[in-house]
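The values are calculated or read from the model by the stated rules, or taken from the named source; none is laboratory data. Please read these numbers as outputs of a predicted model, since none were measured by experiment. All Cβ positions, even for glycine, are placed from backbone atoms using ideal geometry, and neighbour counts span all protein chains on display. What goes into the accessible areas is simple: the full protein's heavy atoms, side chains included, and nothing from ligands, DNA or RNA. Shrake-Rupley method; radii C 1.70, N 1.55, O 1.52, S 1.80 Å.
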Amino acid sequence: MSTDPAALAQEAAAAVAAGAQTLHVHPKNSQGQDTLEPQYVAAWLSALRKACPGTPLGVTTGAWSSPDAPARLEMIRSWYELPDFASVNWHEEGAEEVAALLHHRGVAVEAGIWQADAARKWASSPLKTQCLRVLIEVQDVPAETVESEAVRLLELVKGPNHSGSRQAFQAPVLLHGEEGSAWAAVQLAARWGLGTRIGLEDTLLLPDGRRAGGNADLIVAAKFFLAM
């Protein structure tokens, strides 16, 4: 939640010590806005790699960081410090081009699927076999509807010719939610044996409604569900 790479690195190290296996961050400029500008991406990644050696690092490529798709591509083309992976939201303009560029540069891609149209586009994309994983994000919906929404998105990313159960789906899946759906999604991912994530981007609250002191608190709480 800070614009200072050093503060972010300290927070990341605490999350890794609590059990986080990978890190997903949104590099910010000095005004606190998400950015893909190479100097900020490099500063954040350098600080994180120093604080968390060996931990895979991922960044967002969200269109809000640069609404103009060609400009977004140019920024990514200019990165001189590369993340291990990057999230590409498949509903955004230029998603396929962004994913292709990242792959060309040796950056793994996790396909962000938030909605039905994005799931259908990804399922028919020639790039889907090049993706590190599918990131199924259930939006801020009531906890009791998380499972039905997750099932719907998973069925769509399988594509029309797929047969079999969720467990038979070959691409690695990471399931997570946000706000009201965050903890229900973690519990569902644990039950289904899927990857999951949790952090201050997803929710500020612990499962009992108390305010989390940081990402590490959220990781500790998530491990309780994953161990059940």
> What are the trypsin sites (Lys or Arg not before Pro) within segment 91-166 that DSSP puts in a loop, where the Cβ has at most 13 other Cβ atoms within 10 Å?
Replying inline: R105
> lysines within cross-link reach of K223: Cα-Cα under 18 Å, excluding same-chain residues under 8 positions apart?
Replying inline: none
>> Please report the spacing between the Cα centers of segment 62-91 and segment 25-47 in Å, no decimals.
In response: 12 Å
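For the chain, which whole percent of the accessible surface, found with a 1.4 angstrom probe, sits on carbon and sulfur atoms?
On the way: 5700 of 10740 Å².
Solvent-exposed carbon and sulfur of the chain make up 53 percent of the total.
Could you size up the charge dipole of the chain around its Cα centre, putting +1 on the beta carbon of Lys and Arg and -1 on that of Asp and Glu, and report it in debye to the nearest 20?
On the way: 18 positive and 26 negative charges, 145 e Å.
The dipole magnitude comes to about 700 debye.
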> What accessible surface, in Å², does a 1.4 Å probe find on E201, ignoring ligands, DNA and RNA and rounding to the nearest 10?
Replying inline: 90 Å²
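Considering only protein heavy atoms, with the full assembly of protein chains and a 1.4 angstrom probe, order I219, I136 by accessible area, largest first.
Numbers: I219 20, I136 0 Å².
Result, largest first: I219, I136.
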> When only alpha-carbon atoms count, how far does the chain stretch along each of its three principal axes, as whole angstroms with the largest first?
Replying inline: 45, 42, 28
>> What does the charge count around L135 come to, taking other residues whose C-beta lies under 15 Å from its C-beta (Lys +1, Arg +1, Asp -1, Glu -1)?
In response: -4
> Ratio of segment 177-218's C-alpha Rg to 2.2 N^0.38 Å, to two decimals?
Replying inline: 1.08
> Extent of segment 49-149 along each principal axis, from alpha carbon coordinates, in Å, largest to smallest?
Replying inline: 43, 32, 26
>> Tell me the net charge near P172. Cut-off is 11 Å between Cβ atoms, P172 excluded, with +1 for each Lys or Arg and -1 for each Asp or Glu.
In response: 0
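Keeping all protein chains in place, calculate the accessible area per residue for the chain (probe 1.4 angstrom), answer in Å².
Numbers: 10740 Å² over 228 residues.
About 47 Å² of surface per residue is accessible.
Nearest 0.05, what FRET efficiency do S148 and A7 give at R0 = 45 Å with Cβ-Cβ as r? Before the final figure, lay out each step's value.
On the way: r = 39 Å, r/R0 = 0.87.
Between S148 and A7 the formula returns 0.70.
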> Got a number for the accessible area of D4? Probe 1.4 Å, square angstrom, nearest 10.
Replying inline: 70 Å²
>> Straight-line reach only, C-alpha to C-alpha below 30 angstrom: list the lysines that K121 could link to, leaving out same-chain residues fewer than 8 apart.
In response: K28, K158
> Can you tell which of A118, G199, V173 lies farthest toward the positive end of the dipole of the chain, using +1 and -1 charges on the Cβ of basic and acidic side chains (Lys, Arg; Asp, Glu)?
Replying inline: V173
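Taking only Cα atoms of segment 1-61, what ratio of Rg to Rh do you get with Rh as the Kirkwood inverse-distance radius?
Values: Rg = 10.7 Å, Rh = 11.4 Å.
Computed over Cα atoms, the ratio is 0.94.
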